[in-house]
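Enquirer: Just passing along the structure, written as C-alpha cells.
The values are calculated or read from the model by the stated rules, or taken from the named source; none is laboratory data. Keep in mind that what you see is a predicted model, and the values were worked out from it rather than measured. Cβ placement follows ideal geometry from the backbone for every residue including glycine, while neighbour counts extend to all protein chains displayed. Only protein heavy atoms, including side chains, enter the accessible area calculation; ligands, DNA and RNA are left aside. Shrake-Rupley method; radii C 1.70, N 1.55, O 1.52, S 1.80 Å.
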Amino acid sequence: MKFGILYELRVVPPVTEQQAYHNVLEEIAFAEEMGFEYVWMVEHHFTAADSHSSAPEVFYGALSQRTSKIRIGHGVVLLPSPFNHPIRVAERVAALDILSNGRVDFGTGRSSPYEQLGFDIDPGDTRPMWEESLSIIPKMWTNEVFPGHEGKYFKIPPRMVVPKPVQKPHPPIWMACAQPESFDVAASKGVGVLAFATGVPQRLIKHINRYKDNVQRPTDQAGSFINSQVAAFVQTMCGEDDKQTREFIGEAYKRSFDRRNQIASGGAISSSEIPNAQYGQDLSDFYEQYAKQLDELGRPYPDFLRYYLESGRRGKDIRGLTAAYQQLDVNQLVDDAIVIGGDPESCIRGLKIYEECGVDQVLIQPDWGGISHEQIMETYRLFGKHVIPHFRQRDAAAAPAAAAVTGD
C-alpha cells in the first residue's frame, strides 16, 4: 500500500491565506522527506469554509520546484466547461509534468451543483461534458497534431497542442468517485479510482472488488493504458500520546462542523445565532451517512448514533442534535477507521483496515478541524518515523518468502 496526502487548503483564522499557502508548501516538502509518495490537491470554487484551492495548477508549479520525488496529483481537475477547457487542461498538465520531471497524476471530476451553477454550468450536462473532455485530452498528448474533434460540447479543428508531457504515453488518469456507481464508470474508462467519500472503509470492499474485476476489460477506455489503482482518503491526526490525540480529534470534529455552518449561515459567530435548519447540517449528514453505511454492513449502531436517530434528526429541535454530538464517541470513529488517529500504533491498526479492503493508496487528510501547521508537521514526522517504516519493513521481509513460493 502506498502513502499519499490530500489537501483541501483550508484557511482558519487567525492564519491568513498567504500563511496557509506557504505552510502547505513547507508541509508537503517535509512529507516527501518522511516517505510519502503522493500529494493530491483539490480544485474547489466558492468554498470558503472548506477550501481555498481554486487554482491548484499554480500552486503545483511552485511545489514542483520545492520537491523532487513525491508524485503530484491533481485531485481533481474539474473537466466540465467552462471550469476548464480540455485544450487548457492538456497544456497545463503537460507543462507541470515537464517542470516536475514526469511526476504528475491526472485526476478528473465534475464538482458539485453549487460550484457548477456559479460558472453557469447546467448540472445535468456535467457527466457528458466530463466524458467528452476526457476522451479528447489523452489524444492531445499522444498525437503530434491533434486530429480535431466534433462533439456536442466541443468543436476543435486540427491543431498542434504543446507542450507534451514527459511521461509516455501520458500521465496516469484517475476519476473522483463519491458514489458507489462511480466505481463502475471508472472501470469502464480504465482509470484509477479516487474514493473521496469513504466513511466506514469496509463498505468499499464490494465496490473495489467489482472495480478490480472489470477495469482490465474497459468498455470505453479513456487513455492509452489502464490505471487499475484505488486510492481512498481519510482524515488523520497522529500524536505521541494516544488518549490526548483522540480527545483533540473529537474537538476537531466539532470545530469543523461549527465553522462550516457559521459560514453557511452568513458568518454567525455562535451556535445560538444559526438557524435550526442550518446549524448542524454537516453533522447531521455525517450521522445519516454513518447509519447508512452500518446498515450496508449489517452492523449495530453505537450509542451516540442511536441517540441521534431517535432524537436529533434534522428538522427537530437544535438541542437534540447538539446533545447527540456530545455523545459522539471518537474512539468508535478511530476504531472503525473513519478517522486515522491517536498514536502511531493506533494509526497503523486503522491503516491495516484500508489495506485489507483492497486500497492501493491511502490518502491521509491532515488539514481539517482547525489542526495547526505544527500538528500537521508532527503527524508527518511520526508517520515517517514509525508508521510508513512499519509497512515498508513488513513488505520487504515478506518479499523473499513470496519469491521462494513462486520460484521467482
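Enquirer: Under a Cβ-only charge scheme (Lys and Arg +1, Asp and Glu -1), can you give me the dipole magnitude of the chain about the Cα centre, in debye to the nearest 20?
Expert: Charge dipole of the chain: 780 debye, to the nearest 20.
Enquirer: Right, next: Within the stretch 138-242, what percent of beta bridges assigned by DSSP are antiparallel, to the nearest 5?
Expert: Here the share of antiparallel DSSP bridges comes out near 30 percent.
Enquirer: Which label belongs to the value computed from this structure, given these candidates for semi-axes √(5λ) of the Cα gyration tensor in Å: (1) 34, 27, 22; (2) 34, 24, 18; (3) 41, 27, 22?
Expert: Here the calculated entry is (1).
Enquirer: In percent, how large is the relative contact order of the stretch 1-144, given Cα pairs closer than 8 Å and 6 or more residues apart?
Expert: 22
Enquirer: Between 0 and 90 degrees, rounded to the nearest ten: what's the tilt of helix 56-66 against the longest Cα principal axis of the chain?
Expert: 80
Enquirer: Would you mind checking which residues have amide H under 5 Å from residue 76's amide H? H placed 1.01 Å from N; only 5 or more apart, or other chain.
Expert: 43
Enquirer: As a test of reading the structure, rank 52, 74 by solvent-accessible area (1.4 Å probe, protein chains only), most first.
Expert: Heavy-atom accessible area, descending, gives 52, 74.
Enquirer: If each residue of separation counts as 0.36 nm, what is the full-extension length gain between residue 145 and residue 385 once their alpha-carbon separation is subtracted?
Expert: The residue 145-residue 385 span can extend by a further 81.6 nm.
Enquirer: Mind ordering 352-361, 171-180 by average Cβ neighbours within 10 Å, highest first?
Expert: 171-180, 352-361
Enquirer: Rounded to the nearest 5, what is the percent of antiparallel bridges among the DSSP beta bridges in the chain?
Expert: Expressed as a percentage, antiparallel bridges in the chain total about 10.
Enquirer: Quick one: Karplus J couplings for the stretch 227-236, per residue in order, coefficients 6.51, -1.76, 1.60, θ = phi - 60°, nearest Hz, x for Gly and Pro?
Expert: 10, 9, 10, 10, 10, 9, 9, 8, 5, 9
Enquirer: Mind checking the per residue accessible area of the chain for me, 1.4 Å probe, whole number of Å²?
Expert: 43
Enquirer: Please tell me the relative contact order of the chain in percent, rounded to the nearest whole number, where contacts are Cα pairs under 8 Å and at least six residues apart.
Expert: Here the relative contact order equals 18 percent.
Enquirer: In 10 Å bins starting at 0, how do the alpha-carbon pair distances of the stretch 1-112 split up by percent?
Expert: All Cα pairs, binned at 10 Å, distribute as 14, 47, 33, 5 percent.
Enquirer: Starting at the first residue of the stretch 151-160, write each ³J(HN,Hα) from the Karplus equation 6.51 cos²θ - 1.76 cosθ + 1.60 with θ = phi - 60°, in whole Hz, x for Gly and Pro.
Expert: Here the 3J(HN,Hα) series is x, 6, 10, 10, 10, 10, x, x, 8, 8 Hz.
Enquirer: Just to confirm the number: angle between the C-alpha axis of helix 126-142 and the first principal axis of the chain, 0 to 90 degrees, nearest 10?
Expert: 40
Enquirer: Relative contact order, percent, of the stretch 81-224 when contacts are C-alpha pairs under 8 Å separated by at least 6 residues?
Expert: 25
Enquirer: Could you list which residues have their amide H under 5 Å from that of residue 174, counting only those 5 or more apart in sequence or on another chain, with H placed in the peptide plane?
Expert: So residue 174 has HN proximity to 106, 107, 108, 192.
Enquirer: Quick check: at a probe of 1.4 Å, how many percent of the accessible area of the chain sits on carbon and sulfur atoms?
Expert: 52
Enquirer: Got a sec? Charge dipole of the stretch 65-179, +1 on Cβ for Lys and Arg, -1 for Asp and Glu; which of 165, 109, 175 is way out at the positive end?
Expert: Selected residue: 165.
Enquirer: Which entries of 164/385; 69/168; 206/385; 2/206 show an alpha-carbon separation above 28 angstrom in the structure shown?
Expert: 164/385; 206/385
Enquirer: For the chain, find the longest principal axis of its Cα atoms and tell me its angle to the long axis of helix 86-99, 0 to 90°, nearest 10.
Expert: Relative to the chain, helix 86-99 is tipped by roughly 90 degrees.
Enquirer: Just to check I understand the Karplus step: with θ = phi - 60° and J = 6.51 cos²θ - 1.76 cosθ + 1.60, what whole-Hz values come out for the stretch 100-110, glycine and proline as x?
Expert: With coefficients 6.51, -1.76 and 1.60, one gets 8, 6, x, 10, 8, 10, 9, x, 10, x, 10 Hz.
Enquirer: A follow-up question, please. Name the residues whose placed amide hydrogens come within less than 5 Å of the amide hydrogen of residue 7, ignoring near sequence neighbours (fewer than 5 apart) on the same chain.
Expert: 40, 41, 42
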